[in-house]
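Have a look at the structure below, then the notes.
The values are calculated or read from the model by the stated rules, or taken from the named source; none is laboratory data. All of these numbers come straight from a predicted model, not from anything done at the bench. Here Cβ is always computed from backbone atoms with ideal geometry, including for glycine, and neighbour counts include all displayed protein chains.
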Amino acid sequence: MHRGHEIEKSFPDYFKNFELPADVKEEKLQAYRACKTQKCDKESFASTYEEKKGNFSDEELKNPSTYSLSLFWKAKDIRRFTVIDSEYEKPYKIAIGHTEPCCGVVKKSSSKKSSHIDWWLYVNAKPYLHFKIIGDFDKHYMSLKKGKKNEK
């Protein structure tokens with residue numbers, strides 16, 4: 001990467017509202033993201049805080065997840081998310097890619113029931129450049145399920 005194109009590893013000013021969890025790290029993880037614009041662009045890769053324009057309760061403003069970009073490392077969890085969240089209707093678009101250390105720090109969910117990833121982005125990060133839309137997510141998902149059955 002050319003020196004002039006490096007991302008400064010600093011967080012947005014609103015990060016002063018909370019403390020990052022102690023166990024966050026720069027890590028490359030495969031992940032899925034539901035894309036509201038049906039494209040890999042800045043709007044589809046906005047943090048919860050940016051999406052909702054800061055309309056949060058005092059308690060939500062103290063929660064680090066409010067400021068992260070939500071991803072999932074399991075296809076079944078991103079699929080469930082799009083079904084539960086009314087903002088996503090078919091034909092919803094799911095992108096697959098990687099969290100890139102140059103874009104921010106991540107924390108995987110500690111819950112065994114969820115593959116949720118919080119990704120706190122640095123100022124001027126472009127996470128969408130590291131993802132691509134899956135043409136037919138249902139077909140992708142079914143091929144993953146079929147592959148798991150064949151492993152047994």
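Those residues that are without any contact (Cβ under 8 Å) to a residue 40 or more places away in the chain and over 12 Å from the mean Cα position of the chain (by Cα), I need them from the stretch 117-138; list them, please.
Scanning the stretch 117-138 gives Gly135, Asp136, Asp138.
Of the strands (runs of 3 or more DSSP E) that lie entirely inside the stretch 1-98, those containing 1 or more residues that are modelled with pLDDT of 90 or more and exposed (fewer than 14 other Cβ atoms within 10 Å of the Cβ) span 30-35.
In the stretch 123-135, what residues are surrounded by 12 or more Cβ atoms within 10 Å (Cβ to Cβ) and either modelled with pLDDT under 95 or part of a loop (DSSP other than H, G, I, E, B) (or both)?
Narrowing the stretch 123-135 to residues surrounded by 12 or more Cβ atoms within 10 Å (Cβ to Cβ): 123, 125-131, 133-134.
Residues satisfying the conditions are Val123, Ala125, Lys126, Ile134.
Can Ser114 be described as at pLDDT 85 or above, on the phi < 0 side of the Ramachandran plot, polar (S, T, N, Q) and more than 18 Å from the chain's Cα centre (by Cα)?
Numbers: at pLDDT 85 or above: yes; on the phi < 0 side of the Ramachandran plot: yes; polar (S, T, N, Q): yes; more than 18 Å from the chain's Cα centre (by Cα): no.
When the stated conditions are applied, Ser114 does not pass them.
Within the stretch 35-48, can one find any residue that is aliphatic (A, V, I, L, M) and in contact with a helix residue (DSSP H, G or I) (Cβ under 8 Å, 6 or more places away or on another chain)? No, because not a single residue in the stretch 35-48 is aliphatic (A, V, I, L, M) and in contact with a helix residue (DSSP H, G or I) (Cβ under 8 Å, 6 or more places away or on another chain).
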